[in-house]
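Have a look at the structure below before the remarks.
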């Protein structure tokens, strides 16, 4: 398979994997609707940073040792669930207790957008499983024929696919022709907080 086909295949894998609505997508939309394009964009960059880290771990085979270690899986999963839950409760608390606070002031009380994107992605163990699975299938298939070099190109293209979708989502949420009032924006904050808590619960149940 030539390099162009590998790039297209990787890009499409990344793009398609980013399409399902998850907590990172909701956080991007929330920041875009409430705080503007750059707030959403930095969440997107944070999530992609985490994807780069996890894809790198999978590429170099480190993820296998992490996932095969029961101690790390349990401790890392519990810690990740707690951190995501705390983040969710904080968003929920701020949205409900500061109803009269302007959104711009509320934004300053929140975790910085870039760090927010990293937290909700890197502390979710399912993301490491995803990249470990993609990398394993990639090397076993005829897409890259077992080549580390071509495998690296494939993963870079996949990351670019994810980045393309998240930047598009950032743009649409911030500049779309939506006339959202303040009440809706606060409801959106509450929804994202609840989703983060729900995700943390799923992680915790899976680990226990």
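The residue pairs whose first member lies in region 66-91 and is over 21 Å from residue 191 (Cβ atoms), whose second member is loosely packed, with under 13 Cβ neighbours inside 10 Å, and whose beta carbons are closer than 8 Å, counting only pairs six or more residues apart or on different chains, are 77/206. Being within 27 Å of residue 154 (Cβ to Cβ), crowded, with 22+ Cβ neighbours inside 10 Å, in contact (Cβ under 8 Å) with a residue 60 or more places away in the chain and under 17 Å from the mean Cα position of the chain (by Cα) is a property that holds for residue 44. Return the total of residues in region 136-149 being modelled with pLDDT under 85 and either in a helix (DSSP H, G or I) or in contact with a helix residue (DSSP H, G or I) (Cβ under 8 Å, 6 or more places away or on another chain) (or both). Count: 9.
The values are calculated or read from the model by the stated rules, or taken from the named source; none is laboratory data. Not measured: the values here are computed from a predicted model. Reconstructed Cβ throughout: ideal geometry from the backbone, glycine too, with neighbour counts over all protein chains shown.
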